[in-house]
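Below: the structure, in structure tokens.
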Amino acid sequence: MTNISNLSLLTMILFVMIPVSLSYLFSLGIGKSAIWSSIRGVVQLFLIGYVLTFLFSMPDWQGVGLWVAVMLVIASLQAAKRGKGIPYAFLLSLSSLILIEVFVLSLWILFNIIPFQSEQVIPMSGMIIGNSMVATGLAFERMKNEFHDSKGKILAALSLGANASQASQMIIRKTIRAAMIPNVDSLKTIGLVQLPGMMTGLILGGASPIEAIRYQIVISISIFSSVSICAMIISLVTYRFFFNRKMQLLE
Amino acid sequence: MKKLIEVDHVSNERVSNVHFSLMEGSLTTIIGPSGAGKSSLLLLLNRLEDPDKGEIHFKGKKISDFPISELRRNIGMVFQQAHLFDGTVEENLKFGPSLRKKWEQNDGVKLLEKVQLSEEFLTKEVENLSGGEQQRVAFARTLANNPEVLLLDEVTSALDMRTVELMEELLHKLVKEEGKTILMITHDLKQAKRLGSYTLFMNEGKVEEQGETASLFQHPKTAALKHFFEG
């Protein structure tokens with residue numbers, strides 16, 4: 001693999017300057033934010049590089065345990081932000097992300113898909129947790145929006161004798177569907193429209209394309225499954241918070 | 001006629017000390033300005049909301065003592081907007097009965113007949129229906145549970161004259177032939193006169209005046225009702 005020198009890396013400033021210049025040219029007002037995000041991104045990535053180097057030097061179970069725990073907490077905090085107003089949003093996010101990670105990791109190890117090594121488990125878990133975090137956040141947001149927008153339909157369903165679960169079915173279905181559709185679409189076009197990040201990374205790192213696609217298949221299908229489970233857990237648990245015990249819709 | 005529902009000095013955020021009774025097999029209309037608490041009152045009767053004070057009795061028993069789903073099936077409600085569920089007309093019609101596995105093949109056609117829609121409507125997607133058709137399907141969907149009481153929240157306000165006539169005809173039939181008890185909010189005073197045997201006038205959350213429809217319209221007692229009639 002070719003090493004990118006520090007000098008070469010510095011030329012990336014030119015790439016940053018393009019959107020910054022466009023921002024000033026068209027008065028978009030995002031110039032400062034683009035510079036700040038780029039600097040922050042670079043610093044974060046360098047730090048993570050050192051952290052990962054440190055983690056990979058630790059015994060596998062310690063490195064994996066420590067970093068997966070950090071990722072789970074950060075992802076849960078982020079997802080819970082979208083669930084503002086929903087009780088226990090953080091705990092819900094954390095539990096569903098833990099469940100997903102344990103489920104996926106167990107299958108990977110059990111079926112000998114990847115070895116239990118920090119170098120393999122940490123980046124792949126990161127992808128699972130990251131995508132599940134987005135799905136969790138979107139599921140929270142979707143539930144809130146749907147309960148707001150479909151208030152009339154829910155009241156109609158309740159007035160016809162439906163209980164909270166029956167009245168929420170349409171919203172639960174929509175939420176799970178919304179979480180799954182982007183993944184279904186991306187699986188359909190995978191490799192045709194763009195080479196996925198993991199596959200690209202492996203090829204750049206010197207792996208053969210055939211080897212790279214094997215990893216990509218594992219991660220893409222695992223993400224698809226995790227995202228679906230996440231949306232299902234969040235919608236099946238959170239709908240209850242929109243009703244009281246007397247099957248009345250809360251404001 | 002016997003008392004089917006008794007609303008006993010009920011109050012919450014939007015209604016205040018409301019007291020009236022509904023007789024079995026009667027059609028009572030509610031009139032009053034916007035924001036008078038009319039819709040909120042219907043929500044209380046269907047237990048979509050609960051009062052902070054007072055009690056509502058159905059067949060002599062507190063409505064809070066009924067299993068809530070059973071009560072809502074027996075005191076059916078049709079909203080001002082149709083609020084149909086995504087899918088076909090048939091899926092909407094069988095929503096209530098299917099919850100108790102009481103839906104039979106022929107039921108859809110019978111319900112559509114009641115609201116004067118043809119059998120072909122069963123397979124139509126609800127999004128392809130006109131406003132009037134949607135409202136009729138919503139009405140049929142509530143009738144599918146065979147409720148004893150019907151709460152109607154301005155169900156004819158967005159309909160054309162012909163559909164209004166059809167609906168009024170249906171309401172008459174439901175009361176006279178099937179013995180249903182109807183409580184109906186209307187903004188159309190002529191409709192209230194045409195349909196109601198008893199009328200409640202609500203204003204600022206209170207039932208300011210109530211009585212036989214003809215007498216209430218001919219001899220309004222309160223200044224608020226007189227003012228309301230004057231428009």
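The values are calculated or read from the model by the stated rules, or taken from the named source; none is laboratory data. For clarity, every value in this text was computed on a predicted model and none was experimentally measured. Glycine gets a Cβ as well: all are built from the backbone with ideal geometry, and neighbour counts include every protein chain shown. Accessible surface areas use protein heavy atoms only, side chains included; no ligands, DNA or RNA. Shrake-Rupley method; radii C 1.70, N 1.55, O 1.52, S 1.80 Å.
Out of A:229, A:219, A:210, A:181, report the one residue that is open to solvent by 60 Å² or more (accessible area, probe 1.4 Å), over 30 Å from residue B:93 (Cα atoms) and away from chain B (no Cβ under 14 Å).
A:210
For segment B:100-145, what are the residues that are of a type in the set (Ser, Thr, Tyr) and buried (at least 18 other Cβ atoms within 10 Å of the Cβ)?
B:142
Tell me which residues, restricted to segment B:195-231, are buried (at least 20 other Cβ atoms within 10 Å of the Cβ) and in a loop (DSSP other than H, G, I, E, B).
Scanning segment B:195-231 gives B:196, B:205.
Quick test for you: out of A:186, A:222, pick the one residue that is in a helix (DSSP H, G or I) and at pLDDT 90 or above.
Only one candidate passes the filter, namely A:222.
One line per residue, one yes/no per condition, for (1) at the interface with another protein chain (Cβ under 9 Å from one of its Cβ atoms); (2) closer than 20 Å to residue B:135 by Cα:
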position	(1), (2)
B:20	no, no
B:32	no, no
B:38	no, yes
B:68	yes, no
B:71	yes, no
B:84	yes, yes
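Are any of the residues in segment A:46-69 open to solvent by less than 80 Å² (accessible area, probe 1.4 Å) and touching an Asp or Glu at 6+ places or on another chain (Cβ under 8 Å)?
Scanning segment A:46-69 turns up at least one residue that is open to solvent by less than 80 Å² (accessible area, probe 1.4 Å) and touching an Asp or Glu at 6+ places or on another chain (Cβ under 8 Å).
Specify the residue that is nearest to residue B:84 (Cα to Cα); the eligible residues are those in segment A:120-151 that are within 12 Å of the chain's Cα centre (by Cα) and of a type in the set (Gly, Ala, Ser).
A:139
So if I check each of A:150, A:118, A:125, which one is open to solvent by less than 20 Å² (accessible area, probe 1.4 Å) and either within 14 Å of residue A:235 (Cβ to Cβ) or of a type outside the set (Ser, Thr, Tyr) (or both)?
Just a single option satisfies the conditions, and that option is A:150.
List, please: which pairs have Cβ atoms under 9 Å, are six or more places apart or on different chains, and start with a residue in segment A:176-203 that is in the same structural domain as residue A:229 (by TED's automatic domain parsing) and end with one that is basic (Lys, Arg) and open to solvent by 40 Å² or more (accessible area, probe 1.4 Å)?
Note: pairs meeting the criteria are A:178/A:142; A:179/A:142.
Looking at residue B:78 and the list (1) away from every other protein chain (no Cβ under 11 Å); (2) open to solvent by less than 30 Å² (accessible area, probe 1.4 Å); (3) under 17 Å from the mean Cα position of the chain (by Cα), which single condition is not satisfied?
It is condition (1) that residue B:78 fails.
Checking the condition open to solvent by less than 10 Å² (accessible area, probe 1.4 Å) and closer than 30 Å to residue B:104 by Cα, which residue from B:149, B:175, B:164 passes?
None of the other options fit; the residue is B:149.
State yes or no: is residue B:192 open to solvent by 80 Å² or more (accessible area, probe 1.4 Å) and touching a helix residue (DSSP H, G or I) at 6+ places or on another chain (Cβ under 9 Å)?
Answer is no for this residue.
Considering only segment B:1-85, give the strands (runs of 3 or more DSSP E) lying wholly within it that have at least 2 residues that are farther than 14 Å from residue A:158 by Cα and of a type in the set (A, V, I, L, M).
Qualifying strands (runs of 3 or more DSSP E): B:3-11, B:18-23, B:27-31.
Go through segment B:40-64 and report how many residues are more than 13 Å from chain A (Cβ to nearest Cβ), within 17 Å of residue B:205 (Cβ to Cβ) and more than 15 Å from the chain's Cα centre (by Cα).
Number satisfying all stated conditions: 4.
Taking segment B:86-106, which residues are in a helix (DSSP H, G or I) and either away from every other protein chain (no Cβ under 14 Å) or of a type in the set (Ser, Thr, Tyr) (or both)?
Correct list: B:89, B:90, B:98.
Does residue A:161 satisfy the condition of being assigned by TED's automatic domain parsing to the domain that holds residue A:90, outside any helix (DSSP H, G or I) and open to solvent by 50 Å² or more (accessible area, probe 1.4 Å)?
no
Enumerate the helices (runs of 4 or more DSSP H) found wholly within segment A:3-110, keeping only those where 3 or more residues are hydroxyl-bearing (Ser, Thr, Tyr) and not assigned by TED's automatic domain parsing to the domain that holds residue A:228.
A:12-25, A:31-57
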